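Let me begin by presenting the structure, written as structure tokens, before commenting on it.
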Amino acid sequence: MKSQKNKDLTPIIEGDYYVENGLYIFTKQYHLKRGYCCKNNCRHCPYGFQNKKENQHL
């Protein structure tokens, strides 16, 4: 039986991410392909999530 974690993985292809300062940054294309917001305050989140803790310091 496959684990739930492996079942939810979305294949990554060219254009889904770029590397900046050694970090992998997922693009809007990848987030839309994945189909849901992970609520990790991603730079290119197309779902409009904003971390409440970060907004309190603005």
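The values are calculated or read from the model by the stated rules, or taken from the named source; none is laboratory data. Note that the structure is a prediction, hence the values are computed from the model and not measured. With ideal geometry, Cβ positions are generated from the backbone for all residues, glycine too; neighbour counts draw on all protein chains shown. In case anyone asks, the SASA skips ligands and DNA or RNA and just uses the protein heavy atoms, side chains included. Shrake-Rupley method; radii C 1.70, N 1.55, O 1.52, S 1.80 Å.
What net charge do the residues around His44 carry, taking every other residue with its C-beta under 15 Å from that of His44, with Lys and Arg at +1 and Asp and Glu at -1?
Working: positive: Lys28, Lys33, Arg34, Lys39, Arg43; negative: Asp16, Glu20.
Its environment carries a net charge of +3.
What ranking, highest mean first, results for peptides 14-22, 38-46 when packing means the other Cβ atoms within 10 Å averaged over each residue? Show your work: numbers first, answer last.
Details: 14-22: 9.7, 38-46: 13.0.
Peptide ranking by packing, descending: 38-46, 14-22.
How much accessible surface does Phe49 have with a 1.4 Å probe, in Å² rounded to 10?
About 60 Å², ignoring ligands and nucleic acids.
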